[in-house]
1. Kindly establish whether Ile38 is open to solvent by less than 10 Å² (accessible area, probe 1.4 Å) and part of a helix (DSSP H, G or I).
2. Could you give me the residue pairs with C-beta distances under 9 Å whose first residue belongs to segment 267-288 and is free of Cβ contacts under 8 Å to residues at least 12 places away in the same chain, whose second residue is open to solvent by 10 Å² or more (accessible area, probe 1.4 Å) and basic (Lys, Arg) wherever it lies, and which are 6+ apart or on separate chains?
3. How many residues does segment 195-228 contain that are in contact (Cβ under 8 Å) with a residue 24 or more places away in the chain, not in a strand (DSSP E or B) and not basic (Lys, Arg)?
4. Mind checking which pairs have a first residue in segment 65-88 that is over 28 Å from Val377 (Cβ atoms) and a second that is surrounded by fewer than 22 Cβ atoms within 10 Å (Cβ to Cβ) and among the polar types (S, T, N, Q), Cβ under 8 Å, 6 or more apart or different chains?
5. Taking interchain pairs and intrachain pairs at least six residues apart, which have beta carbon atoms under 7 angstrom, with the first residue in segment 488-507 and surrounded by fewer than 16 Cβ atoms within 10 Å (Cβ to Cβ) and the second in a strand (DSSP E or B) and small (Gly, Ala, Ser)?
6. Could you list all residues from segment 44-91 that are in a strand (DSSP E or B) and either among the small types (Gly, Ala, Ser) or open to solvent by 20 Å² or more (accessible area, probe 1.4 Å) (or both)?
7. Consider only pairs whose beta carbons are under 9 Å apart and that are at least six residues apart or on different chains; among these, list those whose first residue lies in segment 164-186 and is under 18 Å from Ser111 (Cβ atoms) and among the acidic types (Asp, Glu) and whose second residue is assigned to a strand (DSSP E or B) and modelled with pLDDT of 95 or more.
8. Which condition from (1) modelled with pLDDT of 95 or more; (2) within 30 Å of Pro467 (Cβ to Cβ); (3) open to solvent by 10 Å² or more (accessible area, probe 1.4 Å); (4) out of contact with any Ser or Thr (no Cβ under 7 Å at 6 or more places or on another chain) is the one that Asn328 breaks?
Amino acid sequence: MYNGHVDINWPQNSIIYHIYPRSFKDTNGDGIGDLQGIIDKIDYLTYLGVNAVWLSPIYKSPQKDFGYDVSDYKRVDKCYGTIKKFEELAEKLHKKNIRIMMDYVPNHTSSKHPWFEKSRSSRDNTKRNWYVWRNPKKDGSPPNNWLSVFGGSAWQWDKKTKQYYLHTFDLNQPDLNWHNNDVEKHMLSVINYWLKRGADGFRVDAIYHLFKNQDFGDEPENPNYSTDSLPYYKLFHTKTYALPKTIELMRRISHLLKRSGGKFMVSEVHTGPEDLMKMYKNVDWRYFQPFNFSLIFLPWIAKTQKEYVDQYDRQIGKTYFPCYVSGNHDVKRAATRIGEKQSRNLAIMLLTLRGFSYIYSGDELAMTDTPIAKDKVMDTFELHSPGLGLGRDPQRTPMQWDTTKNAGFSTDSPWLPVNKNYKKLNVQAQMQDKKSHLNLYKKLINLKKTSPAIKEGEYIPLPMPAPNVYSYLREKGAQKVLVVVNFDNKPKKLSLGYKEARIILDSFLTREPNKKVSLVDFKLKPDEGIIFEL
């Protein structure tokens, strides 16, 4: 068991690096990344300067959904390593003052979990009510019209016990019954288990799905549903999403983290600023924050992004910890969504706006989605809803380390193909290129940690200085930092209200740092972002 020590206070400006372990670094030649691979790359994490890493699930699992189908919450899957290897990783990260965040999966288990195997063994088994079982309608059809996120009905028929069980996601992922106190007791013990082994916090998966309305009535149809979107959105999920009991559970988890010495959690929720504020106000904000996905899901238009940030920052105020996320294992990579040049501007915003910054591994290189042939698809989401562009394999392909075979990820065939661009786009090459995407990230991370205004300063919105150009101030004490981002692929001539400023850095790393320039009729290049000190 881990017995080390690390500063438990999560700084308000934490920079968290999201690792998809299966695709980070393989050390045993099986084509799958492992915990030893992360240990071997700790020097890289130190080079970047991140404060923490978040690991996608490493629990024992049949890997139908690559770890999000858990068969034992208190064991590490053999493809990743062992509990001892996790403790070694935590200890070595802590020695570098890097925290470690586990992925906590509370909504469902694997159908191979012993709990579910007992639950489906008979209607009178003591574990029966640990999951959600319902009788069919008189015609034998599912109990109601509830839908699975992955496509089709959320109900699966069990021949042996003649009832349906609920699965919000894949049919191999039955939903736990969080209305059962025994479920909560055992699931909270999972948090304690990993805290004792060195975890400093948790990313809580799909938390808004946990509670379901106990009347089990139909959900209303969505009259604005478009056939080219996810079938799940055919309905308004009024009985299965964001029920009030969720906030109560978040509060209990935050109290547990407080008692454990000030650990921290971030919850996966997809909602707007008003709902985010309800969570901040009703959960102990010192140990909790909800994800803010605005940089990912809102249109990449200066006015749209500015209006959201202005509102979000105003509502968050000086009390709570805001956060921004630029990518993750479930969405298209930033360089694929908006292009390499604009993804540099995304990095500037991510790391100069207030609060926590979440970086998806590989985005610091401008890695792009990898095309996956139909016969190579691994993701259950794509298998259930083909042709809608929902597959997550393209953004989960192996990390590109160098120009050797398989981009230095593995000596064997990787579980997913390496992108063909790895010969030019890899860590080794970008470390040597002073103008690289990687070096931009490194400089921005260092700036976030050293500049008082960026680290802890106030966000001050400014009028848009030109169409599709976003600017704002960060200010603390005597230091004023001006950020200007050109969302357009055309040059702009700007008068920014200040006679002179010093360039800190620009998105392309081509301007001379520390050079003083006039901000009257300043010429901003196409797709360029610049950080000035006033």
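1. Values: open to solvent by less than 10 Å² (accessible area, probe 1.4 Å): yes; part of a helix (DSSP H, G or I): yes.
Here the answer is yes, as Ile38 does meet what is asked.
2. Final answer for the pair search is none.
3. Adding up the residues that qualify gives 19.
4. Short answer, once both residue conditions are applied: Lys85/Gln36.
5. Hits for this filter: Lys499/Ser518; Glu500/Ser518.
6. Within segment 44-91, Ala52, Lys60, Asp72, Lys74, Arg75 meet the criteria.
7. These pairs meet every condition: Asp170/His108; Asp175/His108; Asp175/Tyr131; Asp175/Tyr165; Asp175/Leu166.
8. Tallying (1) modelled with pLDDT of 95 or more; (2) within 30 Å of Pro467 (Cβ to Cβ); (3) open to solvent by 10 Å² or more (accessible area, probe 1.4 Å); (4) out of contact with any Ser or Thr (no Cβ under 7 Å at 6 or more places or on another chain), Asn328 fails exactly one: (2).
The values are calculated or read from the model by the stated rules, or taken from the named source; none is laboratory data. Only a predicted model underlies this, so the values are computations on that prediction, with no experimental measurement involved. Cβ atoms come from the backbone with ideal geometry, glycine included; neighbour counts cover every protein chain shown. Calculation scope for accessible area: heavy atoms of the full protein, side chains included, ligands and nucleic acids excluded. Shrake-Rupley method; radii C 1.70, N 1.55, O 1.52, S 1.80 Å.
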